[in-house]
Amino acid sequence: MSSSKQPASTSFKAPDSSCLQLDEQGRLRHFLTTEGLSKDVLTEIMDVAESFSTVSNQAVKKVPVLRGKTIVNLFFENSTRTRTTFELAAKRLSADVISLNIATSAAAKGESVLDTIRNLEAMHADMFVVRHSDSGAAHFIARHVAPHVSVINAGDGRHAHPTQAMLDMFTIRRVKNEFTNLKVAIIGDILHSRVARSQIHALNILGAKEVRVIAPKTLLPSDVDSLGVHVYGDLRSGLNDVDVIIMLRLQRERMGGAMLPSEHEYFECFGLTQAKLAYAKPDVTVMHPGPINRGVEMDAAVADGPNSVILQQVTNGIAIRMAVMTLTMGHNRVGG
Ligand code: CP
């Protein structure tokens, strides 16, 4: 692909390696995927996030870690949680942050992604946070930015959503303390979920005892056997004895045709209710990356119930994104 002829809307080549994201010392330069990273790197992200977790409770919700740095949010796809928490994280680190409105930007006039990046680099941007509907978009940008610029993947197609996975790991660690005794079930649309892929890699790297996926056959990826998971087609047997349940949204926008009989039937078979929760451990933790479709993947009573940590996940997203921004910019402690 010629970088100078990159069209505004394009399919990026799917990334084949995660080595791009580490520098020569093995430190994070970009954060593009959890796949291939070490347990030490993932643990450091959570430890640094822990050190930032009290900043949001301070009277002045700021630390000077990234003062003088310029961070640009480039969201080519819709977002509520990720975009807002990245923006808040950058502000709490005292960075200058711009969230470009793609719909009203020159991208709408046909400017290529790479030309947009080059122009923002000419304004001395230090970091790009990128969400794009094409798998590989963040990798493509990371391969073309200046040496001092970092790229964080805020979700690319079906491929990866690494900061979501890390805020989920951080939430699990805060509730359950560790991973090696945990059985975790991920339920729903695994096929279209970049979140599920990033979670599965992270859980296996962190040594979870067992990672299960529970889904209808039509919503499983063809490479599911290579992901290091146990596959269940029946919700009740899949939930047996699990410590953590992660529900996924049906990603209608990524489904080409009819992959399900009806939402009602899907809810009957795979929707989480208080009654079905009883198959898991009594202290099971219920998670969802959001946005939730109540009554499709889970009952409102479960989403808002005592086992749910869904809003804690959102809060934890700020600290995790502060940690990832700090580490990729070469700082590794509060005030560093
Ligand atoms: N979980 C998540 O990525 O949500 P948004 O699409 O709202 O960012």
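The values are calculated or read from the model by the stated rules, or taken from the named source; none is laboratory data. Just so you know, these numbers come straight off a predicted model, no measurement behind them. In this analysis, Cβ positions are derived from the backbone assuming ideal geometry, glycine residues included, and neighbour counts consider all displayed protein chains. Protein only, heavy atoms only, side chains kept; ligands, DNA and RNA dropped before computing areas. Shrake-Rupley method; radii C 1.70, N 1.55, O 1.52, S 1.80 Å.
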(request) Just read off the accessible area of CYS19 with the full protein assembly in place, 1.4 Å probe, to the nearest 10 Å². (result) 100
(message) For LYS39, give me every one of the aspartates and glutamates with a C-alpha distance below 13 angstrom, ignoring sequence neighbours fewer than eight places off in its own chain.
(response) ASP47, GLU178
(message) So, for the range 162-314, what is the accessible surface per residue at a probe of 1.4 Å, expressed in square angstrom?
(response) 39
(message) Could you tell me the calculated FRET efficiency between HIS230 and ASP23, based on Cβ-Cβ distance and R0 = 41 angstrom, to the nearest 0.05?
(response) 0.70
(message) Could you work out what % of the accessible surface of the range 162-314 is carbon and sulfur, using a 1.4 angstrom probe and leaving DNA, RNA and ligands out of the count?
(response) 51
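Hey, what's the Cα Rg ratio for the chain versus the globular rule of thumb, 2.2 N^0.38 Å? Don't jump to the answer; show the numbers that get you there.
On the way: Rg = 19.6 Å, N = 336, 2.2 N^0.38 = 20.1 Å.
Cα-based Rg divided by the globular estimate yields 0.98.
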(message) Could you give each residue of the range 85-90 its phi-based ³J(HN,Hα) in whole Hz, using Karplus coefficients 6.51, -1.76, 1.60 with θ = phi - 60°, and x for Gly or Pro?
(response) 6, 5, 5, 4, 4, 5
(request) Provide the net charge surrounding ALA303, with neighbours chosen by a C-beta distance below 14 Å and charges set as Lys +1, Arg +1, Asp -1, Glu -1. (result) 0
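So how do TYR279, TYR266 rank on accessible area, 1.4 Å probe, biggest first, that is with the largest at the start?
Ranking TYR279, TYR266 by accessible area, largest first, yields TYR279, TYR266.
May I ask which of LYS217/LYS281; LYS176/LYS217; LYS183/LYS281 have a Cα-Cα span longer than 19 Å here?
Working: LYS217/LYS281 25 Å; LYS176/LYS217 31 Å; LYS183/LYS281 10 Å.
In this structure, LYS217/LYS281; LYS176/LYS217 exceed 19 Å between Cα atoms.
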(message) If I model a spin label at LYS209 and SER105 as a point 7 Å from the Cα along the Cα→Cβ vector, what separation in nanometres do I get?
(response) 4.6
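Ordering ARG173, ARG83, ARG294 by accessible area with a probe of 1.4 Å, largest first, what comes out? Before the final figure, lay out the partial values.
On the way: ARG173 50, ARG83 80, ARG294 125 Å².
Descending order: ARG294, ARG83, ARG173.
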